[in-house]
Structures are given as structure tokens and as C-alpha cells.
Amino acid sequence: MTTFAIATLGCKVNAYESQGYAQGLREYGWEEVAFKDCADVYLIHSCAVTNTAAAKSRQKIHQAQRQNPAACIAVAGCYAQMAHAQLAQDPHIDLIVGSDHKEQLPKLIYQTWQDRVHRVLVNDMRHVNVFEAIAVKQFSHQTRAYLKIQDGCNQFCSYCIIPYTRGTERSLAPDEVIKKAQMLTANGHVEIVLTGIHTGRYGREYGISLASLMQRLCEEVSGLQRLRISSIECNEVSDELIALMKREKRIARHLHIPIQSGDNTILKAMNRPYTLADYEQRIQAIRKELYPISISSDVICGFPAESEEQFAAGLVALRKMKLSFLHVFPYSRRDGTKAAIMPQQIPNEMKKQRTARLMTLSRELHQEYLKTFMHHEVEVLWEREENGYIVGHSSEYLEVCAPYDAGKLHRMETVCIIGIQDERLIGKAQEVRG
Ligand code: SF4
């Protein structure tokens, strides 16, 4: 039997697409093995979001070459899009596919394995406006499923390569979203996470907002118990969305809203379309209606010219906002972006120190947020067994555990929080639903 292995780098959207590719290859009767094992065919689903991600993509290509010099090697995704000319020089790479041809990728890999004809399929993404709907029918052993509804970005943040690699914004047609969600719930997934590169801008070409789509999903997808948005920009959390969340309890009480910096000058240099005050006002409007919703964020530190004063003032501002946790990224230069050629790049050692300070803040904020749930009830969707405990996530995306009971797996339960252990809430069972 032909074996294949996939290495996925980068974002959740890549992870989603890789599930679709694996499913497509299994439909040829192929067997998936771990990437560290010897396989007949390797797919490196690459990322170019930073120079480091690009280097990791190259490492994976070399790893595949070492593990099986006779293997068929395919490289797809953002790094393949950016560096196709360079990759085409490598005689060990059989197939190079950029950021489109996603629907045909399993077939292209199958053909290349059969005929070993060298193929390079890379288009200029500025002219691609078709949403390629990769069908992922099932996520193995998972309660939660991901559904990609949007691709591309028109924002051009000065540090980000994505608009160049993934092209302009485009969405999956609303009826298609409904059909795919129905298929996922029919296959046993009770929670769906809507993902995309710029999910908040879903549906512009169809004249439908993300909130309207979510309302349709709640009304038309039977078996759907929880609906999440993977990430959304502050200026895209509309009043319509807040109102919908208020009346529709199945929409998760968690919004991941990237802020990226706590300083207005840096936000402007990043080409982010809001100020600190705009962000604060928006999260206040959300909390007013949806308290104690979890609002988490992404922060980049060490952006070019970020001074110690700006960084320290940003820390204070972020603390004041009482976010529930932060994903912290030291700024990483990406060739081809505006920020890569900005003066006053920050030394790595300073970026490391700022990352550590932000991570300490994130841990403190998270502990504070966890405490607000002590002796309160949360709704948990139980997902897995771990060392004699059943573990799941609350609507706020907090990890909760309780003594194991196999009958509760993949079901929703209301639990009272009786303790906190590290980053986790400890729940006491009350009533099982679903
Ligand atoms: S919004 Fe900014 S950071 Fe996000 S994908 Fe678009 S350009 Fe990149």
C-alpha cells in the first residue's frame, strides 16, 4: 500500500486544509503515516508568515529527502507560493503548488506519484478570486470540527505576507457553508469552529454578514451545540453580532480579537485599522452585553522602532483591558513586507525579554480570569479522557476537568467550578444534556 505523510506548518487554516488533503489521499486507498517515518509520498504544507516559518518549511523538505531519497515530494501553500522559483531548482521536489489548486491537490499528488513528471503550479494570487472549498467531512476522534469559510486578506498589515501569498478576500457561498456544517454534525461533530484568514470579513461578495451566516447556521444545522469563531478583528465585532450572541447561547462566549500592540504609534506603523481607544471601546461594548465573555488577543512585540517606553506603556494598557490570555509573538522579519525594510529593527535579545514579560502578563491575566468562575456554573463539552479525568472546554474556551465518566464524552454538561489547577478549572458535575 502506498504510504503518505504530511507536515503542516503555520496557521489553523493550513491545519484545516491538510485534513482535507489527507482525506483526499486516503480516498486513493493510501495509508497515512507519521512525518518522522519513511513514506512513499511526502506533502509539506508550507508557511511563509515569517522568515523562521519559511526556514522550518525548508527543514521539512530536507527531512523528507533524508528519510526516503526515493520518495515523491510535494510542497504546497504559502512558502511554495513565495519561493517557487527557488524550489523548482531542487530536483528532489516533484510537485510545487502555490496557494490555489487546493481542490485538485490530492489528485495532482496522485498523478505525480504515478508518472513522476515534475510539476510547478503557481499563479499570481492577485488575480485569483475563487474560493476553493476543500471538503473535510470528519475530524478523526474530535468533538470539535473546523469549517473554513473565508480565504485571503485585503488588509496589508505592514508585517504580514499573507495578502501576497493567499490573495484577496473571498468567501464560501452561504448555502455551501450550511451544507458542509450539516455534513459535519451528521458525522458526529457537535461543535464547529468557523475559520478563515480574515473571518470577520466573511460574505462581502454575497451581501451577507458573518452574523447573518451564524444565525442561519444556528437555525438550519441540526445537532449543532456550539459555534465558535476562530478569530475576529475588533472593528468587525458588529452590534449585530453582539446582539446575536446575546440571544443565541450556542455561540461560544469567547472572542479572540488580535490587538497586536498596546501603543498607537506602533499600531499605525503596523497599518492596523484602529487605535487603542477604538479597541477598548469595542471590548467594553462586548462586555456590557456578554459579561463574563472571554476576550483573548494576539500581541507582537519588538516591532521595528518599538521603544522601551512604548512597550512598557503597552503592557500597562493591556493589563487594564483584563484580557483573558495573550498569544505572544516576537516580531519576525518577513522579506517582501514593508516592515522588513523599516529602520530600527529590534535586537533578538530584547525581543526575547519583551516576549517573556508579555507571557508573564498573560499568565497573570489568565489566572485572574479563571478566578471569576470559582463557584459559578459553566457549560462544558467533554472531549477526551486524560489520566482518569474527563477533559473538555467551556463556552469561554477554558479547559475544565472532572472525574472520568465515559458516558459523558462528546456531550454537554453544566458543571460548578470548585477549584483551579494550573491553567485548568476543576468542575463538579450537575446535569448532562445532549
Ligand atoms: S489582517 Fe493583517 S495580519 Fe491578518 S492576515 Fe490580513 S494582513 Fe495579515
- Query: Has the stretch 17-32 got at least one residue that is under 23 Å from Pro163 (Cα atoms), modelled with pLDDT under 95, touching a strand residue (DSSP E or B) at 6+ places or on another chain (Cβ under 9 Å) and in a loop (DSSP other than H, G, I, E, B)?
  - Reply: no
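Rundown of residues vs (1) in the same structural domain as Val316 (by TED's automatic domain parsing); (2) loosely packed, with under 15 Cβ neighbours inside 10 Å, yes/no style:
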| residue | (1), (2) |
| --- | --- |
| Val221 | no, no |
| Leu224 | no, no |
| Gln260 | yes, no |
| Asn264 | yes, no |
| Ala269 | yes, no |
| Glu289 | yes, yes |
| Ser296 | yes, no |
- Query: Quick one: would you say Ser332 is among the small types (Gly, Ala, Ser), assigned to a strand (DSSP E or B) and not assigned by TED's automatic domain parsing to the domain that holds Met82?
  - Reply: no
- Which listed residue is in contact with a helix residue (DSSP H, G or I) (Cβ under 8 Å, 6 or more places away or on another chain), surrounded by 14 or more Cβ atoms within 10 Å (Cβ to Cβ), over 20 Å from Tyr146 (Cα atoms) and of a type outside the set (A, V, I, L, M), from Thr2, Thr112, Thr50, Thr8: Thr2
- What do you reckon, is Gly200 in contact (Cβ under 8 Å) with a residue 60 or more places away in the chain, within 16 Å of the ligand (Cβ to nearest atom) and not β-branched (Val, Ile, Thr)? no
- Do we find a residue being within 23 Å of the chain's Cα centre (by Cα) and within 16 Å of the ligand (Cβ to nearest atom) anywhere in the stretch 246-255? yes
- For the stretch 354-419, which fully contained strands (runs of 3 or more DSSP E) count at least 2 residues that are modelled with pLDDT under 95 and among the charged types (D, E, K, R)? 377-386
- Task: Find all pairs meeting these conditions: Cβ atoms under 7 angstrom apart; at least six residues apart or on different chains; first residue within the stretch 32-57 and assigned by TED's automatic domain parsing to the domain that holds Pro69; second residue assigned to a helix (DSSP H, G or I) and of a type in the set (Asp, Glu).
- Result: His45/Glu17
- Message: Condition check: of a type in the set (Ser, Thr, Tyr), over 26 Å from Thr52 (Cβ atoms) and modelled with pLDDT of 90 or more. Does Tyr146 satisfy that?
- Response: no
- Please work out if Ala285 is under 19 Å from Gly200 (Cβ atoms) and of a type in the set (A, V, I, L, M, F, W, C). yes
- Task: Name every residue in the stretch 125-159 that is over 23 Å from Ser212 (Cβ atoms) and within 9 Å of the ligand (Cβ to nearest atom), in order of residue number.
- Result: Phe156, Cys157, Ser158, Tyr159
- Query: Does the stretch 63-85 include one or more residues that are β-branched (Val, Ile, Thr), more than 18 Å from Gly167 (Cα to Cα), in a strand (DSSP E or B) and not assigned by TED's automatic domain parsing to the domain that holds Gly188?
  - Reply: yes
- Item | Selection status of Phe156, in a loop (DSSP other than H, G, I, E, B), buried (at least 17 other Cβ atoms within 10 Å of the Cβ), touching a helix residue (DSSP H, G or I) at 6+ places or on another chain (Cβ under 8 Å) and of a type outside the set (Lys, Arg) | no
- Note on the structure: How many residues of the stretch 291-320 are of a type in the set (A, V, I, L, M, F, W, C), more than 23 Å from the chain's Cα centre (by Cα) and in a loop (DSSP other than H, G, I, E, B)? The answer is 1
- Test Leu244 against the criterion of being surrounded by 14 or more Cβ atoms within 10 Å (Cβ to Cβ) and under 23 Å from Cys157 (Cβ atoms), and give yes or no. no
- Item | Members of the stretch 177-197 found to be of a type in the set (A, V, I, L, M, F, W, C) and near the ligand (Cβ under 10 Å from one of its atoms), listed by number | Ile197
- Find the residue count for the stretch 34-47, including only residues that are crowded, with 17+ Cβ neighbours inside 10 Å, modelled with pLDDT of 95 or more and not hydroxyl-bearing (Ser, Thr, Tyr). 7
- Query: Any chance the stretch 160-176 includes a residue that's within 16 Å of the ligand (Cβ to nearest atom), farther than 26 Å from Ala339 by Cα and in contact (Cβ under 8 Å) with a residue 24 or more places away in the chain?
  - Reply: yes
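The values are calculated or read from the model by the stated rules, or taken from the named source; none is laboratory data. This is a predicted model, so every value here is computed, not measured. Neighbour counts run over all protein chains shown; Cβ positions are idealised from the backbone, glycine included.
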